[in-house]
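Participant: To start, I am sharing the structure in question, which I have written as structure tokens.
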Amino acid sequence: MQKYRGHHVRHWPLIAVLVALSAPLVVMYVYQIIDTVTTTPAGSIIPDGLTLHHWRFLTGPLSDGGPTIWSLAGNTLVFASCTALVVTSVSLTAAYALSRLNMPGRGFFLGGLIVLHAFPTVTLIVAVFLILQYMGLYDTLTGVILVKVAFELPFGIWIMKGFYDSVPWEIEMAGVTDGADRFTVWRLLVLPQVQPGLAALLIFSFLSGWSEFILPLVLAPANAPQVLATYLAGIIADDRFADFSLFKAVSIFYALPVLVIYLIFQKKLMNIYGGGTKG
Amino acid sequence: MRLVLEGFTKRFGDTTVIDALDLTVADGEMIALLGPSGCGKSTTLFAIAGLHQVDEGRILFGNRDVAHVSPQERNVGIVFQNYALYPHMTVAQNIAFPLRVRGERVVEMDRKVREIAGLVQIGELLERKPAQLSGGQQQRVALARALVRKPDVLLLDEPLANLDAKLRMEMRSEIRRVQLETGITAILVTHDQVEAMSICDRIALMKDGGIVQIAEPAEMYINPMDRYVASFLGNPPIAFLDAMADEELRLAGGASLGAAGRLQGLDRLVLGVRPEHYGPGKGVPLEGVVVMLETHGREDLFEVELAGCGRLRAILPAGSGTRIGTNVNWGIDMDHIFVFSPDGRRL
């Protein structure tokens, strides 16, 4: 008992330092929430009244003819879900091929994967812009989804390849001698082994799509395909109309789904960092 | 079913791993492919299963050449060292998998699974997942899964290597019992000579991608073809001494072992002496000193340094009282030694 108490005492300085360092963050988060439901006189930090005015965006567009928050959320949801589904399904098959099949160009693809993984893809944006323009996909959600998927794929394939690599070859050998063809082996025997990776990648690419900002901003600046991230930026970009309390309210609206997903799926998400190794 | 390999050749890139290997396994026979790692025994097994492509030669199941038939159409059952059970399926689903991909009726599958599970004595484990089983139980499931489709050949790839010593002995006799009961032709790949000797009808001893000797275990032990075979079989292993022969057979240190006979005139020889053929009261006494002693309970294993010409092992019943450092005058039973040329040929 004595020993454990000693332990606690030794930790106090460390805890004090951590509290001091994180206090500004905590204060900011607290004010982020308080500011959205109160009015505060200029120059003061003490609120003087309650209001729901900053949440007015929930019930109608902020400016006449502007998008409603719900259509924006819908766009973002479509964008993030499509990204997640396409990234996951392509990664699932591409990674299997790279992990297991002795196909021509395997070395090239593997090398390309690593290079693209480390490549600052934003530098490609001008070229991508031109291609989308040429294909008639500029200013459409479909175009942004395609680009986002392309940028996410190296990561997705690499992660899934790690999961496939950890499935013992013998399981597939056993399946094949048991009489199943390669596709059946993949579907019935291998896929269930990489299921944790699949779930993690699905959530991860959804969140990545949800928080994407640069691509929609550059490739789909019109009102119709707008997503929450660009909308949020628009609120403070307009200097006649820089309403920080409104900005904070919209931010909370935007961040809530992410928090909820993290809370529900945090265990599954951790799998991605384990690289498929079984504990 | 009779299994024949004719001129089986396997290359990986430019390296020839197996060069024109011939092997015949009789119907219902259990044969061991024995050898150190890298000798090509698993490669041979995988080629029989169809997991490796055959570069040259024929593989006959009965009269059917399967060398270029896909593994799905070969009807072999295979048991791997790590069992390779499907972790997300129950034991029953694991065993039923080969039947399921063949599209058998559920009732029929259920009957066959129960029958085979009874044979390998895992009837009460059918609803468990592989992770809930011990190593020995997992190996039984793997065996059941390999056998449930009534394969033409049963292939066992180091099936006991992952088990602890006690379980290994138990599973060893279990595999043999099941093999005899089903009368299936079986090939056991192993690097453990005890395993091969104890449960197989014949042993094919392999080295560098070829078979050195095929014989029944006892025959191979008593009559090894060369130094490699002699050194591979036997536990504790055989010991070798350099020798020469003028009129008398002499050890390198000069001690005489008696008349040279047919060996006369060969000035470089290697003698192979098994531990049971060296000890007190056997043949010509030789001066030596005990340098190592291992107590095995029922027996003691000695290593004896002979004056200037190498070491011999002796295995004696426990309780002889001989200790490390004791000078001994034990002899070699000359009727049971093997004589090899310096390059390892049996003379």
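The values are calculated or read from the model by the stated rules, or taken from the named source; none is laboratory data. Just so it is clear, the model here is predicted, and its values are computed rather than measured. Positions of Cβ are generated from backbone atoms using ideal geometry, with glycine treated the same way; all protein chains shown enter the neighbour counts. Ligands, DNA and RNA are stripped out before the accessible areas are found, and what is left, the full protein with its side chains, is counted by its heavy atoms. Shrake-Rupley method; radii C 1.70, N 1.55, O 1.52, S 1.80 Å.
Participant: Test of the criteria: in region B:118-213, which GluC sites (Glu not before Pro) are in a DSSP loop and have at most 12 other Cβ atoms within 10 angstrom of their Cβ? Please list the in-between numbers first.
Facilitator: Details: sites: B:Glu124, B:Glu127, B:Glu170, B:Glu174, B:Glu181, B:Glu195; in loops: B:Glu127.
Passing sites in region B:118-213 are B:Glu127.
Participant: Moving on to the next point. What figure in square angstrom, to the nearest 10, would you give for the accessible area of B:Cys200 with a 1.4 Å probe?
Facilitator: Accessible surface of B:Cys200 is approximately 10 Å².
Participant: Report, by chain and number, residues whose modeled amide H sits under 5 Å from the one on B:Glu29, excluding near sequence neighbours (fewer than 5 apart, same chain).
Facilitator: Correct list: B:Ala186.
Participant: Could you list the trypsin sites (Lys or Arg not before Pro) in region B:306-345 that lie in coil according to DSSP, counting only those with at most 11 other Cβ atoms within 10 Å of their Cβ? It would help to have the intermediate numbers written out before the result.
Facilitator: On the way: sites: B:Arg311, B:Arg313, B:Arg323, B:Arg345; in loops: B:Arg323.
Loop-located and lightly packed - B:Arg323.
Participant: Sort A:Leu188, B:Leu312, A:Leu124 by accessible area with a 1.4 Å probe, largest first. Provide the component values of the computation, followed by the final result.
Facilitator: Working: A:Leu188 35, B:Leu312 0, A:Leu124 60 Å².
Highest to lowest solvent-accessible surface, that is A:Leu124, A:Leu188, B:Leu312.
Participant: For A:Leu18, B:Leu51, B:Leu5, give the ranking by accessible area with the largest first, probe 1.4 Å. Before the final figure, lay out the partial values.
Facilitator: Details: A:Leu18 100, B:Leu51 45, B:Leu5 5 Å².
My answer, sorted largest first, is A:Leu18, B:Leu51, B:Leu5.
Participant: In chain A, carbon and sulfur make up what percent of the accessible area (probe 1.4 Å)?
Facilitator: On the way: 11270 of 15680 Å².
About 72 percent, which is the carbon plus sulfur part of the accessible surface.
Participant: Another question about this same structure. Just to confirm the number: angle between the C-alpha axis of helix B:91-101 and the first principal axis of chain B, 0 to 90 degrees, nearest 10?
Facilitator: Between the helix axis and the principal axis of chain B, the angle is about 70 degrees.
Participant: Here's something else I'd like to know. So for region A:58-270, averaging the separation of alpha carbon pairs under 8 Å that are six or more residues apart and normalising by length, what relative contact order in percent results? Walk me through the numbers on the way to the answer.
Facilitator: On the way: 193 pairs, mean separation 65.3, N = 213.
Once normalised by length, the contact order is 31 percent.
Participant: Here is a follow-up. Which residue, B:Gly279, B:Gly310, B:Gly261, tops the fluctuation ranking in a GNM of chain B built on C-alpha contacts under 10 Å?
Facilitator: B:Gly261
Participant: While we're here: Ignoring ligands, DNA and RNA, how do A:Ile46, A:Ile252 rank by accessible area with a 1.4 Å probe, largest first? It would help to have the intermediate numbers written out before the result.
Facilitator: Values: A:Ile46 110, A:Ile252 35 Å².
Most to least solvent-accessible, the answer reads A:Ile46, A:Ile252.
Participant: Only helices at least 20 Å long along their own axis, judged from Cα atoms, and with Kyte-Doolittle mean hydropathy of 0.5 or greater: name those in chain A from DSSP H.
Facilitator: Details: long enough: A:2-37 (48 Å, 0.62); A:69-100 (46 Å, 1.22); A:141-165 (34 Å, 1.16); A:195-210 (22 Å, 1.28); A:244-274 (40 Å, 1.29).
What comes out of the filter, once short or polar helices are dropped, is A:2-37, A:69-100, A:141-165, A:195-210, A:244-274.
Participant: Taking the 0 to 90 degree range and rounding to the nearest ten, how far is the long axis of helix B:135-147 tilted relative to the main principal axis of chain B, both from C-alpha atoms?
Facilitator: It is inclined by approximately 60 degrees.
Participant: Just check chain A against the gyration tensor rule for me: Cα atoms, a ≥ b ≥ c as the square roots of the eigenvalues, rounded for a/c under 1.5, and otherwise prolate or oblate depending on whether a/b exceeds b/c.
Facilitator: Values: a/c = 2.56, a/b = 1.35, b/c = 1.90.
In terms of gyration-tensor shape, oblate.
Participant: Now for a different question. Comparing the chain by itself with all protein chains present, which residues of region A:147-181 are at least 40 Å² less accessible (probe 1.4 Å)?
Facilitator: Output list: A:Glu170, A:Ile171, A:Met173, A:Ala174, A:Val176, A:Thr177, A:Asp178, A:Gly179.
Participant: Counting other Cβ atoms within 10 Å of each Cβ, which trypsin sites (Lys or Arg not before Pro) in region A:1-103 have at most 12 and sit in a DSSP loop? Write down the numbers at each step before the final one.
Facilitator: Numbers: sites: A:Lys3, A:Arg5, A:Arg10, A:Arg56, A:Arg100; in loops: none.
Taking region A:1-103 and a limit of 12 other Cβ atoms within 10 Å, no loop trypsin sites (Lys or Arg not before Pro) are found.
Participant: At 1.4 Å probe size, what's the solvent-accessible area of B:Lys282? Round to the nearest 10 Å².
Facilitator: We get 60 Å² for B:Lys282.
Participant: What is the distance in Å between the Cα centroid of region B:74-114 and that of region A:97-144?
Facilitator: Comparing the Cα centres of region B:74-114 and region A:97-144, I get a distance of 42 Å.
Participant: Can you pick out the pairs among A:Lys161/A:Lys268; B:Lys10/B:Lys207; A:Lys267/B:Lys129; B:Lys112/B:Lys166 whose Cα atoms lie more than 25 Å from each other? Kindly include the intermediate steps, with their values, before the conclusion.
Facilitator: Working: A:Lys161/A:Lys268 17 Å; B:Lys10/B:Lys207 15 Å; A:Lys267/B:Lys129 23 Å; B:Lys112/B:Lys166 30 Å.
Check vs 25 Å cut-off fails for B:Lys112/B:Lys166.
Participant: Rounded to the nearest whole Å², what accessible area per residue is found for the protein assembly as shown with the 1.4 Å probe? Don't skip to the end; give the middle numbers.
Facilitator: On the way: 31070 Å² over 626 residues.
Each residue of the protein assembly as shown exposes 50 Å² on average to a 1.4 Å probe.
Participant: With every protein chain left in place, what is the accessible area of B:Glu287 in Å² (1.4 Å probe, nearest 10)?
Facilitator: 140
Participant: I'd like the distance separating the alpha-carbon centroids of region A:177-219 and region A:19-69, in whole Å.
Facilitator: Each part reduced to its Cα centre gives a spacing of 38 Å.
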